[in-house]
Each structure stands twice: as structure tokens, then as C-alpha cells.
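The values are calculated or read from the model by the stated rules, or taken from the named source; none is laboratory data. Source: prediction; values computed, not measured. With ideal geometry, Cβ positions are generated from the backbone for all residues, glycine too; neighbour counts draw on all protein chains shown. Keep in mind that these areas ignore ligands, DNA and RNA; they rest on the heavy atoms of the full protein, side chains included. Shrake-Rupley method; radii C 1.70, N 1.55, O 1.52, S 1.80 Å.
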Amino acid sequence: MRVVVFGAGAIGGVVGARLFQHGVDVTLVARGAHAEALASGLVLESPDESVILPIPVVTNVSTLQWTEGTVILLAVKGQDTEEALLQLVTVAPQETPIVCMQNGVENERRVLRRFPRTYAMCVLCPASHLRPGVIVAHSAPVTGLFDLGRYPSGVDDVAEAIAESLRASTFESVARPDIMRWKYRKLIMNLTNAVEALSGPESRDSALAREARREGEAVLQAAGVAAASVEEDRARRADLLAYRPTPSGMRGGGSSWQSLERGSGSIEAEFLNGEIVLLGALHGVATPVNSRLMVLALQAAADRIPAGSWSIEALTAAAVGGVATDR
């Protein structure tokens, strides 16, 4: 198997690095200052080591040679999926397997329009990307959990082979025929990403975060969408992920928090909170908190407001009551 990781940020970078360390043929696709830094090697920090890995990197997939057995791990944020697909559809053979290792549930639909062999992946992996060329894995000895399956359902030899390669590379991975049930559970969890990004990691268990999740659960029930239960999710995680210090310290926050912290100018809230807003509108369920959190997160990203700039009190007032207050 040859793996092309399209999007070498926290998740794509750590998966590409671990696969490369364990003998898989890996190429990274990156852009900007990060791609320039990766040309000198990917710096992987983890609780047990800090290494520089000479993984090949390109800035556009048009420069790749497409061979049988190539698999694309699509790891860009949801707001960048369309740009990635515009590159891929012009050069990648249509039968190329594309694995959506992204938050949200919309990416698979967009990929399936172009590539029939589309796979969904549920990602549970504490990793960070805050500096060009540097990826930090915060859990050891298991780096992360990456279950996957065919989209919309099913398992095949490719899914099993990917899971096997991941298991051999410090990850836990199961090929699941019902993978979207697990991605919808992850979507509910990710509804607090905007709260964490705007108000800091300590706000993930706030009343505001709980209300965002409550709206999400109500929407999925109204829409008849099956999601793995909280108990199933807890059993899957068990005690597999062990957060430990790295040379850069402990983990700051999740993917949306990192987007604001890097000043990237964009955030994936439209495909997390926005998914619940969309389903709510289609099925007659009010989602005022998720709607407001989405708008506030998008505004913060566009204005390059640093992560954690809001107090939880001010954010709650703005999200619940629609009252704009000083952060």
C-alpha cells in the first residue's frame, strides 16, 4: 500500500509520521510555510521521542505518480475539502480509495460524488500542530484510535488493510460496517469545539457546551439518525489513550482551538455546529445555541482572534441570549 496524506496537519501529520516510521510508503501533501518546513523533515514530538522524519512532501497532487495500491487519506479541515477535491478529481484515477479522516459527516458525501470508493474514518487522537513542520502526539504508547469503513456502510479488503497498517503503527483501528454511527457520536462531541476554541479547554464541560450537545442529540433523534451510544463510545476508548507530557508540554486544545491559535483564518464550525443547524432546519428542531456558536466561531477565525479570548460568561450571554458583550 502506498499512502498519500492530503493535509499534513495534526492528524494527517501524526498518521503519516507513524506509518512512515513503520515502513509504509508515505507522501505528504501540504502548503505554505508548513510545506516549506516539511521539506527539511517532519519533526514528530511524542512523550517517548522527538525525531525528524524525511517524509516526501508535495504541494500539489498533480506532481505525483499514480500507481496501483495508492490510498488517499484526506485530512484537510472540512472547509478545505472542496479545494482538495478539485485537485484530486483532475489527476487521481476514479477508483482511488479516498479515506475521510475528518470531523463532521459532510465530507464523505462530497467525496462520493467524485470517487466511488469512499471511506469514513472516526478519529480519536490527541495531536497538535501549532508550528510549521512540527507535529506533536500527546498519547503513548497508543497514539490514537482510527476506526473506518466504507461509506455509507460496509467493510472491504482496503478497509481491513488500512486498519492493519494502522494497528502496526502505534494506533488502534477496527474496520466497522456501521462507521457512520460512530462518526455521528463524534459529531455530538465536536459540538463543543467552538466553545473550547472561543473560551478555552476548561469550558468543554460548561453548561453552554452541554446545551450545544443537547440540541445535537435532539436533532439526530428527530432526523432518525443512528449514532453510537455514549456507553459504546466510552467502551471503545476504554483507557487506551494516555495523555503524557511532550517536549512542548501538555496539549492545549483540540482542532478548532488550534485553528484560532495558529491564526489560520478559518475554522470547521460550519461542518460541526452547522451540520446540526442544517438538520434542525430540515426537521423542525430549534438549534439557537449551535447556530450562534457557529457564527461566533467563524467571525473569530476571520478576525484572527486568539483562542480562548472569551470568558465563558460572556460567551454564554452571546450564544444563549444573543447579547454581544465584551469578551
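Here are the numbers for the structure shown:
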| item | result |
| --- | --- |
| Estimated vicinal HN-Hα couplings, Hz - the range 134-144 in sequence order (Karplus 6.51, -1.76, 1.60; Gly, Pro = x) | 10, 10, 10, 9, 9, 10, 7, x, 8, 6, x |
| 3J(HN,Hα) from dihedral phi, the range 263-270, Karplus parametrisation 6.51/-1.76/1.60, rounded to Hz, x for glycine, proline | x, 5, x, 8, 8, 8, 4, 4 |
| For the range 123-169 and the range 41-103, distance of Cα centres in Å | 13 Å |
| The range 13-105: C-alpha gyration tensor shape, a/c 1.5 cut-off, then a/b vs b/c | prolate |
| Cα gyration tensor, the chain - rounded (a/c under 1.5), prolate or oblate | prolate |
| Residue-span extension gain [Val225 to Arg113] - 0.36 nm each, minus C-alpha spacing | 38.2 nm |
| Percentage relative contact order, the chain, counting C-alpha pairs under 8 Å, at least six apart | 16 percent |
| Nearest-ten-degree value, helix 288-302 long axis tilted from longest Cα axis of the chain | 60 degrees |
| Residue-averaged [θ]222 nm for the chain, counting only DSSP H segments that reach four residues, each worth -39500 (n - 2.57) | -12000 deg cm²/dmol |
| Surface per residue (accessible, 1.4 Å probe) for the range 232-280, Å² | 45 Å² |
| Two-site label geometry, Thr63 and Thr90: point separation in nm, points 7 Å out along Cα→Cβ | 1.6 nm |
| Rounded, prolate or oblate (a/c below 1.5 giving rounded, otherwise prolate when a/b exceeds b/c) for the range 217-327 by Cα gyration tensor | oblate |
| Stretch gain in nm, segment Tyr243-Gln21, where the contour uses 0.36 nm per residue and the Cα spacing is subtracted | 77.8 nm |
| Separation in nanometres of the label points that stand 7 Å from Cα toward Cβ, at Asp157 and Ala281 | 4.4 nm |
| Over the range 178-327, relative contact order from alpha-carbon pairs under 8 Å, at least 6 apart, % | 32 percent |
| Estimated FRET transfer efficiency (Ile52, Arg214; beta-carbon r; R0 45 Å; 0.05) | 0.50 |
| Degrees, to the nearest 10: 273-283 long Cα axis against longest axis of the chain | 70 degrees |
| Residue list for the range 135-150, given a label point 7 angstrom along the Cα-to-Cβ vector of Glu164 and an amide N cut-off under 18 Å | 146-150 |
| Pairwise FRET efficiency - Asp303 versus Arg31, Cβ, R0 = 30 Å, nearest 0.05 | 0.85 |
| Protein accessible area in the chain, 1.4 Å probe - carbon and sulfur % | 52 percent |
| Rounded tilt (10° steps) of 207-223 against the dominant C-alpha axis of the chain | 70 degrees |
| Per residue, in Å², the accessible surface of the range 86-141 once ligands and nucleic acids are set aside, probe 1.4 Å | 33 Å² |
